[in-house]
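The values are calculated or read from the model by the stated rules, or taken from the named source; none is laboratory data. Since this is a predicted model, take the numbers as computed values, not measurements. Note that each Cβ is placed from the backbone with ideal geometry, even for glycine, and that neighbours are counted across all protein chains shown.
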Amino acid sequence: MGELRVDTSFPLDRKPRRPSLPVKEFKGKADPDWCPGCGDFGVLNALKIALSELGLQPHDVLTISGIGCSSNLPGYINTYGMHTLHGRALAVATGAQLANHKLKVVVTGGDGDGFGIGGNHFLHVMGRNVDFAFLVMDNGASRIP
């Protein structure tokens with residue numbers, strides 16, 4: 001039997017990717033109208049930085065949300081975006097991801113949207129292991145223990 005050889009000419013921790021866009025390229029056409037000091041501003045900024053550092057282009061990303069303050073995020077970022085029904089963002093994101101595997105799907109919403117009325121969808125998405133990110137901004141309003 002032959003000896004197993006590993007090609008080390010390309011480090012495994014470095015993936016070739018496109019040059020990063022500046023973070024400002026992910027700024028949406030509308031400015032957020034959240035309350036001053038709201039944590040949603042931090043989530044929006046962190047998402048824009050992450051997309052930039054991953055070398056993604058705006059047309060590579062779909063941002064989906066439900067209803068509520070935090071769910072306005074798709075309007076504040078330069079990607080494809082969908083503002084869906086309350087508690088149904090995960091179901092819509094599942095369909096979008098299955099229809100286009102190349103798309104990077106990010107779902108945003110609040111605790112009530114994601115775990116309250118959308119709790120059933122959350123359980124089913126975990127079971128299906130769908131490839132998307134789910135960012136939940138918990139303001140504690142839904143009083144989930």
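Yes or no: the stretch 88-97 includes at least one residue that is free of Cβ contacts under 8 Å to residues at least 12 places away in the same chain and farther than 24 Å from Leu21 by Cβ. Full working, then the answer.
Step one: list which residues in the stretch 88-97 are free of Cβ contacts under 8 Å to residues at least 12 places away in the same chain, which gives 95.
Right, trim to farther than 24 Å from Leu21 by Cβ and you get 95.
Checked the stretch 88-97: at least one residue is free of Cβ contacts under 8 Å to residues at least 12 places away in the same chain and farther than 24 Å from Leu21 by Cβ.
Looking at Asp40, Asp60, Asp31, which is the one that is under 25 Å from Gly110 (Cα atoms), among the acidic types (Asp, Glu), modelled with pLDDT of 90 or more and surrounded by 16 or more Cβ atoms within 10 Å (Cβ to Cβ)?
On the way: Asp60 fails: surrounded by 16 or more Cβ atoms within 10 Å (Cβ to Cβ); Asp31 fails: surrounded by 16 or more Cβ atoms within 10 Å (Cβ to Cβ).
So the residue among Asp40, Asp60, Asp31 that is under 25 Å from Gly110 (Cα atoms), among the acidic types (Asp, Glu), modelled with pLDDT of 90 or more and surrounded by 16 or more Cβ atoms within 10 Å (Cβ to Cβ) is Asp40.
Do we find that Gly68 is touching a Gly at 6+ places or on another chain (Cβ under 6 Å), on the phi > 0 side of the Ramachandran plot, touching a residue at least 12 places away in the same chain (Cβ under 8 Å) and not β-branched (Val, Ile, Thr) in this structure? Outline the logic, then answer.
Numbers: touching a Gly at 6+ places or on another chain (Cβ under 6 Å): yes; on the phi > 0 side of the Ramachandran plot: yes; touching a residue at least 12 places away in the same chain (Cβ under 8 Å): yes; not β-branched (Val, Ile, Thr): yes.
Answer is yes for this residue.
When you look at Ser71, is it surrounded by fewer than 18 Cβ atoms within 10 Å (Cβ to Cβ) and part of a helix (DSSP H, G or I), yes or no? Outline the logic, then answer.
Details: surrounded by fewer than 18 Cβ atoms within 10 Å (Cβ to Cβ): no; part of a helix (DSSP H, G or I): yes.
Considered against the rule, which asks whether it is surrounded by fewer than 18 Cβ atoms within 10 Å (Cβ to Cβ) and part of a helix (DSSP H, G or I), Ser71 comes out as no.
Determine whether Val43 is closer than 21 Å to His121 by Cβ, touching a residue at least 60 places away in the same chain (Cβ under 8 Å) and not in a loop (DSSP other than H, G, I, E, B).
Values: closer than 21 Å to His121 by Cβ: yes; touching a residue at least 60 places away in the same chain (Cβ under 8 Å): yes; not in a loop (DSSP other than H, G, I, E, B): yes.
Yes: the conditions hold for Val43.
Criterion first (in contact with a strand residue (DSSP E or B) (Cβ under 6 Å, 6 or more places away or on another chain), free of Cβ contacts under 8 Å to residues at least 60 places away in the same chain, of a type outside the set (Phe, Trp, Tyr) and outside any helix (DSSP H, G or I)) does Leu85 satisfy it?
no
Within the set of pairs 6 or more residues apart or between chains, which connect a residue that is within 18 Å of Leu103 (Cβ to Cβ) inside the stretch 48-61 to a residue that is among the β-branched types (Val, Ile, Thr) and modelled with pLDDT under 95 with Cβ atoms less than 7 Å apart?
What qualifies is Lys48/Val23; Ser52/Val23.
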